Amino acid sequence: MAEAADARAIDGVDRSERRWAYVVALVVAFLFVVIILTGVHWAAQPPSNVEAIDASRLHLSGEFMEANLGTAMQPDGSAVVRVLAQQYSFVPACIVVPAETRVVFRATSPDVVHGFLIADTNVNTMVVPGFVAEVRTRFDKPGEHLMPCHEYCSTGHEGMWARVKVVDRSEFQRTYAAQPRANCERR
Ligand code: CUA
C-alpha cells in the first residue's frame, strides 16, 4: 500500500517536472526565434539609417548631385551637410560647419563601402552604396577635425580623407551663409 502511494507521488513529481521542462523549452525556442529574426533584420540593412537611394544616378539629379553638396542652413537654425564619399575622395573635401549648432550629416556612395569618421567626435558610421547614412551631432567649439575614410575601399584608401572646419556661428554667418551650399575648399 505504502509503495503504491510512493509511486503515485513520484509520478506526480515527474509530471510537474516534465511540465516545467516544456515551459523552459518554449521560452528557449521563443528567444531563439527572436535572435534569428533580429539578426536577419539587422544584417539586411545598415544600422545607421534605412533610407535607400539609387547609387547609379546620384550625379544626375536629386539631393546628392554636385550643386547640392556642402553645408546648407535650415530655417530652424540647424545645418545639413550633404557629402559624397567616392573612390578616393569626399566631396566636399573641406566641410565647414558652425559651432554650437545642430548638424546633420547625410552621406552616400556611388561605388563601394566607405567609412565616415570625424576625429574627436561621436561621428562614426559606414557609407554603403544604395543607402543614405545620416548622423546628427553638434560641435561645441571652433576647430579643425580630420575626417579619414576608415573602411578599406581599394588601392587609394589611405589617401581618402577630408577636413571638417568648425567656425564660430557669427563667422559662419559672415563668410559662408551667402553660399547656399557652403564648403571651405577654395579658402
Ligand atoms: Cu574610402 Cu577607404
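A few notes on this one:
- Count of segment 52-79 residues which are touching a residue at least 60 places away in the same chain (Cβ under 8 Å) and in a strand (DSSP E or B): 5
- The set of residues in segment 149-170 that are more than 20 Å from residue 114 (Cβ to Cβ) and either within 16 Å of the ligand (Cβ to nearest atom) or in a strand (DSSP E or B) (or both) comprises 165, 166, 167.
- Any hit, segment 171-182, residues being surrounded by 15 or more Cβ atoms within 10 Å (Cβ to Cβ), among the hydroxyl-bearing types (Ser, Thr, Tyr) and within 12 Å of the ligand (Cβ to nearest atom): no
- Those residues of segment 103-141 which are open to solvent by less than 20 Å² (accessible area, probe 1.4 Å), touching a Cys at 6+ places or on another chain (Cβ under 9 Å) and either more than 13 Å from the ligand (Cβ to nearest atom) or touching a residue at least 40 places away in the same chain (Cβ under 8 Å) (or both), in sequence order: 109, 114, 127
- Residues that are among the polar types (S, T, N, Q) and open to solvent by less than 10 Å² (accessible area, probe 1.4 Å) within segment 79-102 comprise just one, 101.
- Selection of first residues in segment 159-184 that are touching a residue at least 40 places away in the same chain (Cβ under 8 Å) and of a type in the set (Lys, Arg) and of second residues that are open to solvent by 50 Å² or more (accessible area, probe 1.4 Å) and in a loop (DSSP other than H, G, I, E, B), restricted to Cβ pairs under 9 Å at least 6 apart or on distinct chains, gives the following pairs, ordered by first then second residue: 165/142; 165/187; 169/100.
- Check on residue 82, in contact (Cβ under 8 Å) with a residue 12 or more places away in the chain and basic (Lys, Arg): yes
- Matching strands (runs of 3 or more DSSP E) fully within segment 84-127 where at least 2 residues are within 10 Å of residue 149 (Cα to Cα): 89-91, 114-117, 124-127
- When residue 146 is tested against the conditions (1) open to solvent by 40 Å² or more (accessible area, probe 1.4 Å); (2) within 16 Å of the ligand (Cβ to nearest atom); (3) in contact (Cβ under 8 Å) with a residue 60 or more places away in the chain, the lone failure is (3).
The values are calculated or read from the model by the stated rules, or taken from the named source; none is laboratory data. Because the structure is predicted, anything quoted here is derived from the model rather than measured. A quick note on method: Cβ atoms are made from the backbone with ideal geometry, for glycine too, and the neighbour counts reach across all protein chains shown. The accessibility values were calculated without ligands, DNA or RNA, using every heavy atom of the protein model including side chains. Shrake-Rupley method; radii C 1.70, N 1.55, O 1.52, S 1.80 Å.
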